[in-house]
Amino acid sequence: MYRIVEARIRAALREFLNRRGIQDIPVVTQRPPSVAMGEVATPMAFELAPRLRRAPRQIAQEIATELAAIPGVARVELAGAGYVNFLFDRAAFFAAAFSEAANPGGTLRADRALAREPKCVVEHTNINPNKAAHIGHLRNAALGDTFVRLLRRAGRRVEVQNYIDNTGVQVADVVVGFTHLENKSAAELRSLAAAPRFDFFCWDLYARVTQFFEEDQTRLALRGQTLAAIEEGHGAEAELAEIISVAIVRCHLRTMERLGVQYDVLPRESEILHLKFWDAAFQQLRERGAIHLASAGKNVGCWVMKLPERPPGPGQETQQFPKLQSNPPGAEPQETGDSDDDAKVIVRSNGTVTYVGKDIAYQLWKFGLLGRDFAYRRFYTYPNGHTVWTTTTDGGESGAPEFGHAADVYNVIDTRQAYLQKVVVAGLRALGFEQEAARSVHFSYDVVALSPRCAAEMGYTLAEEEMRKPYVEVSGRKGLGVKADDLLDELESAARAEVDARHAGAPEAERARIAHAIAIGALRYFLLKYTRTAIIAFDFRDALSFEGETGPYCQYAVVRARNIFRKMAEQRLHFSLEQLDDAAEDQASFKDFLKSGEGDDLWELALRAGSLDAQVATALSAQEPAFVAKYAFELAQAFNLFYHHHHILSEAHAAKRDFLLRLSRLVERQLVTALDLLGIEAPEKM
RNA sequence: GACCCUGUAGCUCAACGGAUAGAGCGCCUGCCUUCUAAGCAGGAUGUUGGGGGUUCAAGUCCCCCCAGGGUCGCCA
C-alpha cells in the first residue's frame, strides 16, 4: 500500500516541476526519520534552490501550498531547512492495507492474461552433475528461486531453467573414477546409482580421482580420451557418463526439493552438442563478422571474438554493468586488427568449441534467436503436480510447453564468471541483437566460503597462511565443502530437538513437518540475509542458529499471531475470523487508535506491515532478495515488540481489542507473504 | 599490469546522495501461573581503511594512496 501513496506523491511533485518547466531534476522521496514527521518526505527544495534563486524553505512552502489534495495524504508540513513532509491519513492507509493483504492474489494475474505476458527466463543452480551439491550451490538456488518468486509476485511470467553440463570435464573425471579406480561395469554402476546417496559416493570418488591425477600427470590423458568419448556420445564411457549424470541430477532435484526449489526445464549440454546448436550459432557469428579466424599470434588457427573497448550503444550496458564507464569521453578508438592475442577464443585450433561458445548458442536459444529447438521429455513430476522437462535428441514427448523465447534472461551465476557473461552479451551485441543484449542480466553474487575454524572442524588441515585468512574457498575437487544434504540433516535434527522439547505430545509426523519448516527457514534466511556482494564465510554456529536475525525468529512471530487467533476462537469472542477480516464497518474507530502521539507505536507497526509492496518493488529493481529478508525480520521484530506491549485478548476496551486483533491479522498476512517470497513456510506451531 | 568486488561497533553484516550511521551475535543485568521465553527490556563500543575533491548535504559520487579477495585459459 505504501508504494501506491508514495507514487501519488511523486506524481504530484512531478506535476509541480512540470508547471515550472523543469524536466532535468529528479523527483526524490524518502522516509522521514520518525513517523511524527510523516511517512514520505522530499528534499527537492534543496536542489531547486539555486535554480529558482530562492531559499529552500521558501520553495518548500510553495510546494506545500501548491500541491492539490493527494488521496491518502492528510497533511503536508515543512521541516528543517527545506524538507517537505507528507503525513498519511493513517486510518485510511490501515483500511486499505488490510483489504489489500486480504487479497493476496490481487497482484497475480489471471492465467490467460499471464500467458500473454513477456517471459522471463531465470537460469540458476547449474550444478555439475558429478557429485553432491554443497552450500555454495544452495546459495545460488536460494537466490535464484527467491528472485523467481519476486518476479512472479510482480506479475511476470517466469521460466526456470537449470542447465546441466553433462558432457564436461567434471563428469568425465568421475567416469575415470568408476572405470579405473572402481572397475565398474555399466550394469554395476546402474545399481550403484540407484542406491541412496549416490551423490555422496561420487563426492568422495571425485576427490580420489583428483588425487589419482596428481600422483601421475600422464594419467590426465585418460580424462582427455573420456571427455572426447562423452562428447561423441557413443560407447561405454558415454553410457557411464549418462548413467552418472542422470542419477546425480535426480539427487540434486531431491536436495533442492527439500528447500522448496523447483524447475521447469533442464537443458543439457549433450543436446546442445548433438542437435548442432553450435553450428547454427557459429554460422550466425561468422556471417555477421562477430568472430574471425586468427591468422597470426598466439591464437593462430582459432576463431576468436574481440571485445569492444566500450559498449557501442548509447550506454545501455551501464544498466547491467554499473560503474563500468572506465574511459573518459574522447578516448581513442581502439587500435584494431593488429593482434588477436587479447581476443577471446571461441573455437579452438583443433575445431572444438569452448564453453563460452556453447553459452552463446544457449543464450541465443533462450531468446528464440537460434532458429533451432530441443526435443523434450518429462524428467520428473513434483508432488504438487508440476513437471520438470529435460532435453532430448530423438523426437521427444508431446505436451511440452514452449520453452525459451524469453524477453528477459537472468543468469544466476557467481561473480567469478562475470567476464564470461560479458563475452556472451558481447556476442549477442556483435550479432546485432542489441535489445536482447541489453536484456541479458548477469545476476551476480559472491561465493560461499568456509571460515577457517569451520574448515578445521571438518577435519581439513590448513596451512598457516590459510588459517590467517578470513575464509577458505570451497573445493569440490579436494572434497572440501559442506554438503547440502548433510547441512539440511543437521538443521532438521537440531530443529527436531527443539520441537520435541516443546511439543512432546504432538504426533511424530507433525513434529517432523515443523522441524523441516524450521530447518528450511533457518537455512534459506541465512543464505538470503546477506547482500549479493557479500562473501559468506560459512560457520555452523551461525547457520544453525534459530535465534536473533534468523528465519525461525520470523516464523515464530507468525506463530504468535496465529496463537492469538486460535485462542480467540476458543474463547468464542463476539466475532469470528471472517468477521475480523471484514473490517469495513469499523473503520471509524481506527482513527482513534492510530492517532498521532499515543497511537504512534501502533501506527509504526501498521505502516511497516503496509509497506511490503514498496519493499518488494525495491528488491526487484535492485535484484536484491536480501531486502525482503531484512523486511521480514524488521516486521517480525516490530510485531514482537507490539506483542510484548499489548495483551490483546485481555484488552478491556472491546473496540480497541478488535483493532489490535486486526492489526495482528495484517501483520500475520504480510509476514506470511514476505516469508513465502523467501521460500519459507510458517508452521502452525513451533 | 588491467579490470571487478570489499574495507562501517570486539565479531558477522545493514544503511534509493539527505534529517541523530543501525541490526544480529558475543558480553553483563533483569523478566516465564499470562495470547508458549525460538521472546522482551536495559547496559556501550564508531576518526565509516587514509588523504584530497564535488555538493546546500558524502559511509554513499570523483581522484590518489593502503589492505584483502576475485577475474583476465585453445578449463568449465
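Here are a few things to note about the model shown:
- Scanning the stretch A:13-54 for residues that are small (Gly, Ala, Ser) and crowded, with 21+ Cβ neighbours inside 10 Å turns up A:GLY38, A:ALA41, A:ALA45.
- Residues of the stretch A:473-506 that turn out to be touching a Lys or Arg at 6+ places or on another chain (Cβ under 9 Å), within 11 Å of RNA strand B (Cβ to nearest atom) and of a type in the set (A, V, I, L, M, F, W, C), as a count: 2
- In the stretch A:401-423 there is no residue that is farther than 16 Å from A:GLU123 by Cα and small (Gly, Ala, Ser).
Yes/no per residue for (1) among the acidic types (Asp, Glu); (2) free of Cβ contacts under 8 Å to residues at least 60 places away in the same chain; (3) out of contact with any Gly (no Cβ under 6 Å at 6 or more places or on another chain):
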position: A:MET458; (1), (2), (3): no, yes, yes
position: A:TYR471; (1), (2), (3): no, no, yes
position: A:GLU492; (1), (2), (3): yes, yes, yes
position: A:ARG511; (1), (2), (3): no, yes, yes
position: A:ALA522; (1), (2), (3): no, yes, no
position: A:TYR525; (1), (2), (3): no, no, no
position: A:LYS529; (1), (2), (3): no, no, yes
position: A:ALA534; (1), (2), (3): no, no, yes
position: A:VAL558; (1), (2), (3): no, no, yes
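- Qualifying positions in the stretch A:647-664 - part of a helix (DSSP H, G or I) and either within 12 Å of RNA strand B (Cβ to nearest atom) or within 18 Å of the chain's Cα centre (by Cα) (or both): A:ARG657, A:LEU660, A:LEU661, A:LEU663, A:SER664
- Residues in the stretch A:671-680 that are under 17 Å from the mean Cα position of the chain (by Cα) and buried (at least 21 other Cβ atoms within 10 Å of the Cβ): A:ALA674, A:LEU675, A:LEU677, A:LEU678, A:GLY679, A:ILE680.
- First in the stretch A:41-55 and of a type in the set (S, T, N, Q), second anywhere and part of a helix (DSSP H, G or I) and more than 8 Å from RNA strand B (Cβ to nearest atom), Cβ under 7 Å, 6 or more apart: A:THR42/A:LEU13
- Of the criteria (1) crowded, with 18+ Cβ neighbours inside 10 Å; (2) free of Cβ contacts under 8 Å to residues at least 40 places away in the same chain; (3) more than 16 Å from RNA strand B (Cβ to nearest atom), which one A:GLY399 fails: (1)
- Verdict on A:ALA142 being modelled with pLDDT under 95, not β-branched (Val, Ile, Thr) and not assigned by TED's automatic domain parsing to the domain that holds A:GLN623: no
- Boolean, A:ILE520 is near RNA strand B (Cβ under 6 Å from one of its atoms) and either modelled with pLDDT of 95 or more or not aromatic (Phe, Trp, Tyr) (or both): no
- Here A:HIS405 clears all of (1) in a loop (DSSP other than H, G, I, E, B); (2) crowded, with 16+ Cβ neighbours inside 10 Å except the condition numbered (2).
- The set of residues from the stretch A:349-373 being surrounded by fewer than 17 Cβ atoms within 10 Å (Cβ to Cβ) and either without any contact (Cβ under 8 Å) to a residue 24 or more places away in the chain or within 9 Å of RNA strand B (Cβ to nearest atom) (or both) comprises A:SER349, A:ASN350, A:GLY351, A:THR352, A:TYR355.
- Some residue of the stretch A:579-595 being assigned to a helix (DSSP H, G or I), under 24 Å from A:ILE520 (Cβ atoms) and either away from RNA strand B (no atom under 16 Å from the Cβ) or at pLDDT 85 or above (or both): no
- When A:ILE564 is tested against (1) out of contact with any helix residue (DSSP H, G or I) (no Cβ under 8 Å at 6 or more places or on another chain); (2) part of a helix (DSSP H, G or I), exactly one condition is not met: (1).
- A:ALA45 within 12 Å of RNA strand B (Cβ to nearest atom), assigned to a helix (DSSP H, G or I) and closer than 17 Å to A:TRP603 by Cα: no
The rows are residues; the columns are (1) more than 10 Å from RNA strand B (Cβ to nearest atom); (2) touching a helix residue (DSSP H, G or I) at 6+ places or on another chain (Cβ under 6 Å); (3) outside any helix (DSSP H, G or I); (4) at pLDDT 95 or above.
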| residue | (1), (2), (3), (4) |
| --- | --- |
| A:GLU624 | no, no, yes, yes |
| A:ALA632 | yes, yes, no, yes |
| A:LEU635 | yes, yes, no, yes |
| A:LEU641 | no, no, no, no |
| A:HIS644 | no, no, no, no |
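- Extreme residue, surrounded by the fewest Cβ atoms within 10 Å (Cβ to Cβ), among residues of the stretch A:445-497 that are assigned to a strand (DSSP E or B) and touching a strand residue (DSSP E or B) at 6+ places or on another chain (Cβ under 9 Å): A:GLU473
- Condition broken by A:ALA418, with the remaining ones in (1) within 30 Å of A:LEU370 (Cα to Cα); (2) more than 11 Å from RNA strand B (Cβ to nearest atom); (3) among the small types (Gly, Ala, Ser) satisfied: (2)
- Helices (runs of 4 or more DSSP H) contained entirely in the stretch A:156-239, each with at least 2 residues that are surrounded by 13 or more Cβ atoms within 10 Å (Cβ to Cβ) and away from RNA strand B (no atom under 16 Å from the Cβ): A:186-194, A:198-215
- Residue in the stretch A:434-444 that is assigned to a helix (DSSP H, G or I), more than 30 Å from A:HIS405 (Cα to Cα) and outside the structural domain of A:LEU671 (by TED's automatic domain parsing) present: no
- Here the stretch A:27-60 is the region considered, the condition is being out of contact with any helix residue (DSSP H, G or I) (no Cβ under 7 Å at 6 or more places or on another chain) and among the polar types (S, T, N, Q), and the residue that is modelled with the lowest pLDDT is A:SER34.
- Residues satisfying the stated conditions in the stretch A:160-176, i.e. of a type outside the set (Val, Ile, Thr) and touching a Phe, Trp or Tyr at 6+ places or on another chain (Cβ under 9 Å): A:GLN161, A:ASN162, A:TYR163, A:ASP165, A:GLY168, A:GLN170, A:ASP173
The values are calculated or read from the model by the stated rules, or taken from the named source; none is laboratory data. Everything numeric here is computed off the predicted structure, so don't read it as measured data. In this analysis, Cβ positions are derived from the backbone assuming ideal geometry, glycine residues included, and neighbour counts consider all displayed protein chains.
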